[in-house]
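Down below is the structure, laid out as structure tokens.
The values are calculated or read from the model by the stated rules, or taken from the named source; none is laboratory data. What you see is a predicted model; the values in this text were computed from it and never measured. Positions of Cβ are backbone-derived with ideal geometry, glycine not excepted, and every protein chain shown enters the neighbour counts.
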Amino acid sequence: MTPEEKKVFMDKIHAFVGMEMAPPTKGPDDVNKAMIRHWCEVMGDANPVYTDEAFAKASSKGSIIAPPAMLQAWSLEGYPMHSPSKDEALLDNQRKLHKVFDDHGYTGVLGTNCTQEYFRDLKPGDQVIAHTVIDSISEEKATQRGIGHFIETVTRFTDQNGEKVGEMRFRVLKFIPNESNKVESAKDEGKPEVPTRIASPRGHDNAWWWQQVDKGVVPIQRCKNCQTLRHPPRSMCGECQSIEWDFIESKLEGEVFSFVELHYPKFPGYQYPLICAVISLGEGTRIVSNIVGCKPEDVKIGMKVKGKVEQVDEKTMLPQFYPA
Ligand SMILES: [Zn+2]
């Protein structure tokens, strides 16, 4: 960013300070014994004041209370919060703010701090409502993850009577991932540096497979005893338990068994749009690979494809499948 662009960006993000992050939220359920018990089981918290009626009644609490650390759980919306509206105008302020960061290359996000204060015990039947405000956005900081800004939100939790029951400060770092810093600085020095894909894991049982791919061949492992083909590579035949094997070379003719388009997070070294598919090969085994050479919307289950081994970056040979 030029200094002028940076100023525009800073003005844009600072305009969010003091705004409500989203309308006040309440979870689908009031404070209840079932969720308390589930929490205690998962956390391994055996304090009987959370689950044992008789014990809680005889204690100073007088009845079952919720573990204080559950505070935020009572206000979370559950799965629906993962499917925000596609309509930008309907996005809440938090998503709008994150979008401004994303649009300027700050695509990384990392939760860094969370502190909570509890003002009273919550008991079954209580209702908890969260009111969250974007409290501050830091100046640019250099961190190990990359350069970025800390966004701090403050959430005030109130009960059914509007009384404050707790408070939470939550801080995230929105940053430009280091990999792109590296590319950026390499460009500045006039040396092109292109990030490569994540290296293939090459262990005792599968290194041979990747070594064939490096030579342009996609092998399919074959049991020497019963001739059954298998993929991914492994040491023993699932049919006859023989550990003797060889391989055949796949013709790379097949069809799309299933596929997904990867949107987020975007990894350096990969070309987008990125289609990841399970291909049923003519030989009978399946392979996970990319579909290239067509638009994502043209990919269909059952589509005939033909693969070839290609060099996809400086270091990586991979089978890639094209519409046949
Ligand atoms: Zn076998």
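Residue-by-condition table, conditions (1) assigned by TED's automatic domain parsing to the domain that holds ALA142; (2) touching a Leu at 6+ places or on another chain (Cβ under 8 Å); (3) at pLDDT 95 or above:
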{"residue": "LYS7", "(1), (2), (3)": "yes, no, no"}
{"residue": "VAL31", "(1), (2), (3)": "no, yes, yes"}
{"residue": "ILE36", "(1), (2), (3)": "no, no, yes"}
{"residue": "VAL42", "(1), (2), (3)": "no, no, no"}
{"residue": "PHE55", "(1), (2), (3)": "no, no, yes"}
{"residue": "ALA58", "(1), (2), (3)": "no, no, yes"}
{"residue": "ARG95", "(1), (2), (3)": "yes, no, no"}
{"residue": "VAL100", "(1), (2), (3)": "yes, no, no"}
Requested in this report: Might you check whether a residue that is modelled with pLDDT of 95 or more and farther than 19 Å from SER200 by Cα occurs anywhere in the range 306-315?
Outcome: yes
Query raised in the report: Which residue, of SER242, SER280, is surrounded by 12 or more Cβ atoms within 10 Å (Cβ to Cβ) and either within 33 Å of the chain's Cα centre (by Cα) or among the hydrophobic types (A, V, I, L, M, F, W, C) (or both)?
Result: SER280
Query - Identity of the residue in the range 209-227, in contact with a strand residue (DSSP E or B) (Cβ under 7 Å, 6 or more places away or on another chain) and part of a loop (DSSP other than H, G, I, E, B), that ends up farthest from the ligand (Cβ to nearest atom) - result: GLY216
**Report entry** Matching residues in the range 228-245 - criterion: being near the ligand (Cβ under 8 Å from one of its atoms) and acidic (Asp, Glu)
**Finding:** GLU239
**Report entry** Subset of the range 283-302 [within 23 Å of LEU229 (Cα to Cα) and surrounded by 15 or more Cβ atoms within 10 Å (Cβ to Cβ)]
**Finding:** GLU283, THR285, ARG286, ILE287, SER289, ASN290
**Report entry** Pair list, Cβ < 9 Å and 6+ apart or interchain, from the range 210-238 residues that are assigned by TED's automatic domain parsing to the domain that holds VAL309 to residues that are of a type in the set (Ser, Thr, Tyr) and within 9 Å of the ligand (Cβ to nearest atom)
**Finding:** ARG222/THR228; CYS223/SER242; LYS224/SER242; ASN225/SER242; CYS226/SER242; MET236/SER242; CYS237/THR228; GLY238/THR228
**Report entry** Selection from the range 1-29 of residues that are touching a residue at least 40 places away in the same chain (Cβ under 8 Å) and farther than 21 Å from GLU152 by Cβ
**Finding:** MET1, LYS26, GLY27, PRO28, ASP29
Query raised in the report: Does any residue of the range 111-125 turn out to be in contact with a His (Cβ under 8 Å, 6 or more places away or on another chain) and either among the basic types (Lys, Arg) or assigned by TED's automatic domain parsing to the domain that holds ASP159 (or both)?
Result: no
**Report entry** Complete set of residues in the range 294-318 that are in a strand (DSSP E or B) and among the β-branched types (Val, Ile, Thr)
**Finding:** VAL305, VAL309
Query - Matching entry among PHE257, PHE321 (being assigned to a strand (DSSP E or B) and in contact (Cβ under 8 Å) with a residue 60 or more places away in the chain) - result: PHE321
Query - Residue list for the range 152-181, filter: touching a residue at least 60 places away in the same chain (Cβ under 8 Å) and part of a loop (DSSP other than H, G, I, E, B) - result: ILE176, PRO177
**Report entry** Identity of the residue in the range 18-35, out of contact with any strand residue (DSSP E or B) (no Cβ under 9 Å at 6 or more places or on another chain) and among the hydrophobic types (A, V, I, L, M, F, W, C), that ends up surrounded by the most Cβ atoms within 10 Å (Cβ to Cβ)
**Finding:** VAL31
